[in-house]
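A short reminder: the numbers here are calculations on the coordinates, not readings from a lab. Note that this is a predicted model, so its numbers are computed, not measured. A quick note on method: Cβ atoms are made from the backbone with ideal geometry, for glycine too, and the neighbour counts reach across all protein chains shown.
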Amino acid sequence: MLPQAELHVHLEGTAPPELIARIAARNGIALPDGLLSVDGRFHFRDFLHFLRTYDLAASVIRTSEDYRDITYEYLSGIARAGAIYAELTASPDHAALVGLDDEQHYGGIAAGIDAARREHGIEARILVSAVRNFGADQAVRVAARAAQRPHPYIVGFSLAGDERVPPSDFASAYAIAADAGLGCTIHAGEWQGPVSVRDALRLPVSRLDHGVRASEDPALVHELAARGITLNVCPTSNLALGVYRSLSEHPLAHLHAAGVRVTLGSDDPPYFGATLAGEYALCAEQFGWSEQQLRALTAAAIDAAFCEERLKVVLRERLHAQ
Ligand code: ADE
Ligand code: ZN
């Protein structure tokens, strides 16, 4: 089992339909209409529909214990498959919509992280994400709260949601997060092309979530490599949402060969039929990457992680020992 690490996975998006159903039942609420298709999977046609389905699923997650269970179940599952570290993208806006404050939200997530560490040895930290389509002012509020470090596991700031809202709108939010010492990443270059990546690179970010469409602009690929920006790439997500029609069209191997730092993420695993270990296996099968090259992906994730240096040392030791 190869040691893996991931930096791009949305916490509400890790909960499979069965867990969402269990949580809804214990909260005494019916599953929202339109959430699942007849085959029992999450129902969505395209990216914007996916975002709405994600919001529907998130709407039944109501308590601190719910967040604990989702976190614990996800981390234990990937730990059993070999993962040693994950940065979980949390969305305080989704938590606020169901009436949870930061303490309840992050407290639940942290309890899940602690239990998974105790029982499965995996480590995890939290990225605080704002939602683009909730607007720049709300993102500033989310960043300002994150800057107060409501929980010690919070290490970074991120931006998800509808990519049509440009990164430059969020310069103030990123300035607040970066000034507070939070690591910064942003979704870009998934639905929007190279222009969105260029715009994102004006923010104080060291990573991009997806970023794959930078591959359409050779000068931009060169810039990513030269600046040491890490792309957190999710090939199965890209296929499921139709960013690329097939893996043979996917630019991951090209970006990697051009010297761009890349890591693998599962994004929203049950929505896309992805697993972290599966993303590694896909690279071996599709691109012929060796075990050494796959281990280098984990090393790249540790290098780009926003956690404290002491933890990175421990993770590198684990990577080399396993
Ligand atoms: N929110 C949850 N998952 C997302 C994704 N993959 N892209 C953008 N926003 C998201
Ligand atoms: Zn994502």
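I want to check the label-to-label distance for ARG26 and SER248. Put each point 7 Å from Cα in the C-beta direction and report it in nm to one decimal.
If labels sit at ARG26 and SER248, their model points lie 4.7 nm apart.
Select from the chain the helices, each a whole stretch of DSSP H, whose alpha-carbon atoms run 15 Å or more along the helix axis and whose Kyte-Doolittle mean is at least -0.5; answer none if there are none.
47-58, 136-147, 276-287, 291-304, 309-321
Report, by chain and number, residues whose modeled amide H sits under 5 Å from the one on LEU231, excluding near sequence neighbours (fewer than 5 apart, same chain).
LEU208, ARG261, VAL262, THR263
Counting only other residues whose beta carbon sits under 12 Å from that of TYR280, what net charge do I get with K and R as +1, D and E as -1?
-3
Considering the chain as a Gaussian network with a 10 Å cut-off on Cα pairs, which listed residue, VAL98, VAL233, VAL155, attains the greatest mean-square fluctuation?
VAL98
Only sites in a loop by DSSP and with at most 16 other Cβ atoms within 10 Å count here; which chymotrypsin sites (Phe, Trp or Tyr not before Pro) in the range 220-322 make the cut?
Hits after loop and neighbour filter: TYR244.
Just for the chain, what percent of DSSP beta bridges are antiparallel, to the closest 5?
5 percent
So what is the calculated 222 nm ellipticity per residue for the chain, using -39500 (n - 2.57) for each DSSP H run with n of 4 or more, over all residues, to the nearest 500 deg cm²/dmol?
-14500 deg cm²/dmol
Please report, in debye to the nearest 20, how large the charge dipole of the chain is about its Cα centre when each Lys and Arg carries +1 at its beta carbon and each Asp and Glu carries -1 there.
Rounded to the nearest 20 debye, it is 400 debye.
Projected onto the charge dipole of the chain (+1 at Lys/Arg Cβ, -1 at Asp/Glu Cβ, origin at the Cα centre), which of ASN27, LEU239, TYR54 gives the Cα projection farthest towards the positive end?
Sorting the options by dipole projection puts first LEU239.
Using the Cβ atoms and a cut-off under 13 Å, what net charge is assigned to the surroundings of GLY228, where Lys and Arg are +1 and Asp and Glu are -1?
It works out to a net charge of +1.
With labels modelled as points extended 7 Å from the Cα through the Cβ direction, what inter-label distance (nm, one decimal) is found for LYS312 paired with SER206?
Between LYS312 and SER206, the label points sit 0.5 nm apart.
For the range 1-125, what's the relative contact order in percent, using C-alpha pairs closer than 8 Å and at least 6 residues apart?
34 percent
Each label point is 7 Å from the Cα along the Cα-to-Cβ direction; what then is the distance between the points at ASP101 and GLU119, in nm?
2.9 nm
At q = 0.07, 0.09, 0.11 Å⁻¹, what is the log10 ratio I(q)/I(0) for the chain, with the Debye formula run over Cα points and no solvent?
Listed by q, the Debye log ratios stand at -0.24, -0.41, -0.62.
Determine the dipole magnitude for the range 103-182: charges of +1 sit on the beta-carbon of Lys and Arg, -1 on that of Asp and Glu, nothing else is charged, the reference point is the Cα centre, and the result goes in debye to the nearest 20.
100 debye
Only Cα pairs within less than 10 Å get springs; with that Gaussian network setup on the chain, which residue of ALA277, ALA57, ALA30 has the largest fluctuation?
Fluctuation is largest for ALA30.
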